[in-house]
Structure formats: C-alpha cells, structure tokens
Amino acid sequence: MGVLLGFIDIRDEVQRQAFTIIDQNRDGIISKDDLRDVLASMGQLNVKNEELEAMVKEASGPINFTVFLTMFGEKLKGADPEDVIVSAFKVLDPDATGFIKKDFLQELLTTQCDRFSAEEMKNLWAAFPPDVAGNVDYKQICYVITHGEEKEE
C-alpha cells in the first residue's frame with residue numbers, strides 16, 4: 001500500500017504543478033485566457049474561441065484546483081490512460097518482453113524530471129519486486145497506477 005500512496009503523492013504533485021502552469025494569471029481559476037496563454041506557450045497560436053469555450057464548459061463551474069482535480073480524476077478513470085502509460089513503457093522495452101531491467105528503471109526514475117527519492121524507490125521495489133534476473137513487470141505497475149490495486153492473477 002505504501003507505493004500506492006507514493007504514486008498518489010506524485011500524482012497530486014503533478015496535478016498541482018499542472019494547475020499552476022495552466023493558471024497563467026495565478027488567480028486560482030483556469031479561464032479561457034489562461035488556456036489560450038498556455039496553449040500559445042506550447043506553440044498552438046491559432047486556437048479558436050469556440051474550442052476554448054468547449055474546454056472551459058467541461059467543468060460544472062469555475063475551474064479552481066478542486067474542480068481541476070475532479071476533472072483530472074474523471075479523465076484517468078477512462079480506458080485510455082492505462083494503454084497510454086503502457087505504451088510509454090513499451091518504448092523502453094524494444095524486445096516487447098513486458099519487463100524493464102530494475103537498474104535501468106531506477107536510473108531513469110532517479111535522474112530524470114521529477115526524481116524519485118531513495119525512499120520512493122524503496123517503496124516501489126517493495127510493491128513491485130524485480131524477479132531473480134532483475135526484471136520489473138511494468139504492466140503491473142501501470143495497472144496499479146490507473147486502477148489503484150494489484151491485479152488478481
């Protein structure tokens with residue numbers, strides 16, 4: 001259960017960072033102007049007003065952090081996210097074995113982007129121990145990230 005809480009903490013931090021990036025004017029509400037600005041910063045300069053309105057209308061009211069979290073959670077409950085996460089791992093698995101070497105995964109998670117701490121790595125390996133050859137079943141990790149519990153074998 002500890003690694004699940006670790007993933008939840010990481011996901012919460014990512015959500016906070018995403019909200020802060022999107023809330024360009026830092027007023028605590030994501031507006032059409034915020035969306036236009038963040039999309040422009042990513043190179044999408046000609047977004048139509050109707051598209052922005054449709055994005056904002058996905059929420060039941062003003063998009064504050066709580067509404068953003070609800071919307072984020074609803075998007076994660078669909079069938080798509082697990083496939084997307086597995087596909088990302090498959091890039092690291094050119095032989096399509098369903099496994100990644102523990103040392104390689106640990107190096108990535110501790111040296112890239114939002115780096116895992118030693119404690120987070122310890123929790124990860126406790127929840128998803130590598131096999132005797134040092135292989136980690138990334139599909140199991142993806143399942144837990146998207147469903148919140150281990151899949152019954």
### Query
Of 47, 14, which residue is within 19 Å of residue 141 (Cα to Cα) and either at pLDDT below 85 or of a type outside the set (Lys, Arg) (or both)?
14
### Query
If only one of 34, 27 is touching a strand residue (DSSP E or B) at 6+ places or on another chain (Cβ under 9 Å), more than 21 Å from residue 114 (Cβ to Cβ) and either free of Cβ contacts under 8 Å to residues at least 24 places away in the same chain or surrounded by fewer than 11 Cβ atoms within 10 Å (Cβ to Cβ) (or both), which one is it?
34
### Query
Is the stretch 98-118 home to any residue that is surrounded by 12 or more Cβ atoms within 10 Å (Cβ to Cβ), in a loop (DSSP other than H, G, I, E, B) and modelled with pLDDT of 90 or more?
yes
### Message
Pairs please, first residue from the stretch 84-100 and on the phi > 0 side of the Ramachandran plot, second anywhere and part of a helix (DSSP H, G or I), Cβ atoms under 8 Å, 6+ apart in sequence or on different chains.
### Response
96/90; 98/138; 98/139
### Task
Say whether the condition of being out of contact with any Asp or Glu (no Cβ under 6 Å at 6 or more places or on another chain), open to solvent by 40 Å² or more (accessible area, probe 1.4 Å) and at pLDDT below 85 is met by at least one residue in the stretch 54-64.
yes
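The values are calculated or read from the model by the stated rules, or taken from the named source; none is laboratory data. Treat the numbers as computed from the prediction; the structure is a model and nothing was measured. Positions of Cβ are generated from backbone atoms using ideal geometry, with glycine treated the same way; all protein chains shown enter the neighbour counts. Note: accessible area is taken over every heavy atom of the protein model, side chains too, but ligands, DNA and RNA are not part of it. Shrake-Rupley method; radii C 1.70, N 1.55, O 1.52, S 1.80 Å.
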